[in-house]
Amino acid sequence: SMMKKTRGFTLIELMIVLAVLAVIVAVGYPSYQEHIKKSHRAEGMGQLLELADRMERAYSDAGTYPTSISEVYVATTDGGFYTLSIVSANNVSFIVSATPTSVGNQNKDKCHTFTLTSLGEKSVSGGSLGTDQCWK
């Protein structure tokens, strides 16, 4: 009599599939995490620009830049990934910054802290990437 052929996967085949999946995850996950941090970076930069705009509006009203962020804007970005602050302000200029928080490990971002001046000068500090790479 003829034996029926059994269908299924062998243990070796399953182990090979698992090994391939592990390699894909090991390569793809860090890239995914970097992409997420980059999108949070855009939020931080956008809200820092909004803060600078509000500083200019406050200057138009009062003739001097406010020294307390609570006078013009919120201290944390919408997602909580950056803390916004007024580094310095007087009657002729200001410097504002966005510092990453530990939410979503944003404090480990390659750009770290963004800074913007009343003259529109942009910079970054504390990270491994330069200003041109971060302020895109």
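Given the DSSP H assignment, sum -39500 (n - 2.57) over each helix run of at least 4 residues in the chain and divide by its residue total; what's the result at 222 nm in deg cm²/dmol, nearest 500?
Result for the chain: -15000 deg cm²/dmol, rounded to the nearest 500.
Could you give the length gained by full extension between Leu18 and Val92, i.e. 0.36 nm per residue of separation minus their alpha carbon distance, to one decimal place?
The span from Leu18 to Val92 would gain 20.4 nm if fully extended.
On a 0 to 90 degree scale, rounded to 10, what angle separates helix 11-62 from the longest Cα axis of the chain?
10 degrees
Cα centroid distance between region 88-136 and region 33-51, in Å?
Result: 10 Å between the Cα centres.
How many Å² of accessible area per residue for the chain, probe 1.4 Å?
66 Å²
At a 10 angstrom cut-off on C-beta neighbours, averaged per residue, how do the peptides 67-74, 47-54 rank from highest to lowest?
By packing density, highest mean first, the sequence is 47-54, 67-74.
Report the extension gain between Ser123 and Glu50 in nm, rounded to one decimal, defined as 0.36 nm multiplied by the number of residues separating them, less their alpha carbon distance.
Between Ser123 and Glu50, full extension yields 24.7 nm more.
Could you look at region 59-136 and say what percent of its accessible area is carbon and sulfur, using a 1.4 Å probe and all protein chains?
With neighbouring chains kept in place, the figure for region 59-136 is 48 percent.
Residue by residue, what Karplus-based ³J(HN,Hα) values in Hz, rounded to whole numbers, does region 100-114 have, using 6.51, -1.76 and 1.60 with θ = phi - 60° and x for Gly and Pro?
So the J values, rounded to whole Hz, are x, 9, 7, 4, x, 6, 5, 5, 9, 5, 5, 9, 6, 8, 9.
Roughly how many Å² of Met15 are accessible to a 1.4 Å probe, to the nearest 10?
Met15 has an accessible surface of roughly 110 Å² with all protein chains in place.
The values are calculated or read from the model by the stated rules, or taken from the named source; none is laboratory data. Quantities reported herein were computed from a predicted structural model and do not represent experimental measurements. Reconstructed Cβ throughout: ideal geometry from the backbone, glycine too, with neighbour counts over all protein chains shown. These area figures cover heavy atoms from the full protein model, side chains too; ligands, DNA and RNA do not enter into them. Shrake-Rupley method; radii C 1.70, N 1.55, O 1.52, S 1.80 Å.
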